[in-house]
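Data first, discussion second: the structure below is written as structure tokens.
The values are calculated or read from the model by the stated rules, or taken from the named source; none is laboratory data. Note that the coordinates shown come from a computational prediction; the quantities given were computed from them, not determined experimentally. FYI the Cβ positions are ideal-geometry reconstructions off the backbone, even for glycines, and counts take in every protein chain you see. Surface accessibility is based on the protein's heavy atoms, side chains included, excluding ligands, DNA and RNA. Shrake-Rupley method; radii C 1.70, N 1.55, O 1.52, S 1.80 Å.
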Amino acid sequence: LMGGSEGTYDAPWGANLVSGVSKLMGGSEGDAGLLGDENALDTLVEGENSPATLALIIQPGNGGPVEDWVNVEQIYDANPDTTLVIVNGALDKVRGGYYPGVFFPKLAQTVDRFYKKFESVFYLKPISDKGVYGWIYRQYPEDWQVVLQTRKSDAKGGMFIEDTVVYTSQARPEYNDAVAKLVRANAEMAKAAS
């Protein structure tokens, strides 16, 4: 990986440890290959296979080291004309302060400088709270939606789930606001049915 202003990336502490052990075990060869064989990588040829036209980042940091999120910014900075797509990025966690800046200062700086600029093109967050079920949903360029799911019975006694859009907005609703809208809509629908 070549990226960032220094041409490097932030290695997770575990990778640093294994890299050091690999170099010790490699003896005169210098590397025992515990983290893979760098000789197996393709040579980058400017204009042929570099720079990339798409950087597809899958699930950075979620279940792995927080340095993954910092490295995504460095990948982007290395080639800002490359389209960057993050799938399952857990950006709510990153942007919402789940990782305190006092313990993760590099990540906190990255959030303010980089991640707050992202546009969600597909978002689906389940809600199961206060006795209601539903979703916060968006498919770009459409508005954000809060969808209530209610259990219904058909004429034959079978059960099915009915989805009802109870709120739309150009701005993403906060989770607690979406729950409140679902609770209110559920109560109104129950009152109308009785």
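Considering segment 167-180 alone, what residues qualify as being open to solvent by 50 Å² or more (accessible area, probe 1.4 Å) and either among the polar types (S, T, N, Q) or in contact (Cβ under 8 Å) with a residue 12 or more places away in the chain (or both)?
First, the residues of segment 167-180 that are open to solvent by 50 Å² or more (accessible area, probe 1.4 Å): 167-168, 170-172, 174-177.
Within segment 167-180, Tyr167, Thr168, Gln170, Ala171, Arg172, Tyr175, Asn176 meet the criteria.
Conditions tested, residue by residue: (1) closer than 27 Å to Glu46 by Cα; (2) in contact with a Phe, Trp or Tyr (Cβ under 8 Å, 6 or more places away or on another chain); (3) open to solvent by 40 Å² or more (accessible area, probe 1.4 Å); (4) in contact (Cβ under 8 Å) with a residue 60 or more places away in the chain.
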residue	(1), (2), (3), (4)
Val66	no, yes, no, no
Trp69	yes, yes, no, no
Gln74	yes, yes, no, yes
Pro80	yes, no, yes, no
Asn88	no, no, yes, no
Leu91	no, yes, no, no
Val94	no, yes, no, no
Gly97	no, no, yes, no
Gly101	no, no, no, no
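Are any of the residues in segment 128-150 open to solvent by less than 60 Å² (accessible area, probe 1.4 Å), farther than 23 Å from Ala178 by Cα and not aromatic (Phe, Trp, Tyr)?
Applying the first criterion (open to solvent by less than 60 Å² (accessible area, probe 1.4 Å)) to segment 128-150 yields 129, 132, 134, 136-138, 144-150.
Now narrow it down to the ones that are farther than 23 Å from Ala178 by Cα: none.
Within segment 128-150, not a single residue is open to solvent by less than 60 Å² (accessible area, probe 1.4 Å), farther than 23 Å from Ala178 by Cα and not aromatic (Phe, Trp, Tyr).
Does Lys191 meet the test of being open to solvent by 60 Å² or more (accessible area, probe 1.4 Å) and closer than 23 Å to Val72 by Cα? Talk me through it step by step, then tell me what you get.
Details: open to solvent by 60 Å² or more (accessible area, probe 1.4 Å): yes; closer than 23 Å to Val72 by Cα: no.
So Lys191 fails the test.
Do we have any residue at all in segment 151-168 that's part of a strand (DSSP E or B), within 30 Å of Val70 (Cα to Cα) and of a type in the set (A, V, I, L, M)? Explain how you work it out, then say what you get.
In the first step, residues of segment 151-168 are kept if they are part of a strand (DSSP E or B); the result is 151-153, 159-168.
Okay, now just the ones that are also within 30 Å of Val70 (Cα to Cα), so none.
There is no residue in segment 151-168 that is part of a strand (DSSP E or B), within 30 Å of Val70 (Cα to Cα) and of a type in the set (A, V, I, L, M).
Can we say Gly26 is surrounded by 10 or more Cβ atoms within 10 Å (Cβ to Cβ), at pLDDT below 80 and either assigned to a helix (DSSP H, G or I) or touching a Cys at 6+ places or on another chain (Cβ under 8 Å) (or both)? Walk me through it before giving the result.
Working: surrounded by 10 or more Cβ atoms within 10 Å (Cβ to Cβ): yes; at pLDDT below 80: yes; either assigned to a helix (DSSP H, G or I) or touching a Cys at 6+ places or on another chain (Cβ under 8 Å) (or both): yes.
It is true that Gly26 is surrounded by 10 or more Cβ atoms within 10 Å (Cβ to Cβ), at pLDDT below 80 and either assigned to a helix (DSSP H, G or I) or touching a Cys at 6+ places or on another chain (Cβ under 8 Å) (or both).
Among the residues of segment 139-149, is there at least one that is more than 24 Å from Ala90 (Cβ to Cβ) and not in a loop (DSSP other than H, G, I, E, B)?
yes
What residue, among those in segment 29-60 that are at pLDDT 80 or above and in contact with a Gly (Cβ under 8 Å, 6 or more places away or on another chain), is nearest to Asn88 (Cα to Cα)?
Ranking the qualifying residues of segment 29-60, first place goes to Gln59.
Please find, among Val102, Val132, the residue that is hydrophobic (A, V, I, L, M, F, W, C) and more than 25 Å from Arg184 (Cα to Cα). Steps first, answer last, please.
Numbers: Val132 fails: more than 25 Å from Arg184 (Cα to Cα).
Only one candidate passes the filter, namely Val102.
When both residues are 6+ apart or on different chains and their Cβ atoms are under 8 Å apart, which pairs have a first residue that lies in segment 106-135 and is farther than 30 Å from Arg151 by Cα, and a second that is open to solvent by 70 Å² or more (accessible area, probe 1.4 Å) and part of a helix (DSSP H, G or I)?
Phe114/Tyr76
Here is a check on your reading of the model: is Asp92 in a helix (DSSP H, G or I), in contact with a helix residue (DSSP H, G or I) (Cβ under 9 Å, 6 or more places away or on another chain) and either charged (D, E, K, R) or farther than 22 Å from Ala55 by Cβ (or both)? Break it down into steps so the answer makes sense when it comes.
Numbers: in a helix (DSSP H, G or I): yes; in contact with a helix residue (DSSP H, G or I) (Cβ under 9 Å, 6 or more places away or on another chain): yes; either charged (D, E, K, R) or farther than 22 Å from Ala55 by Cβ (or both): yes.
Yes; evaluated as a whole, the condition is true for this residue.
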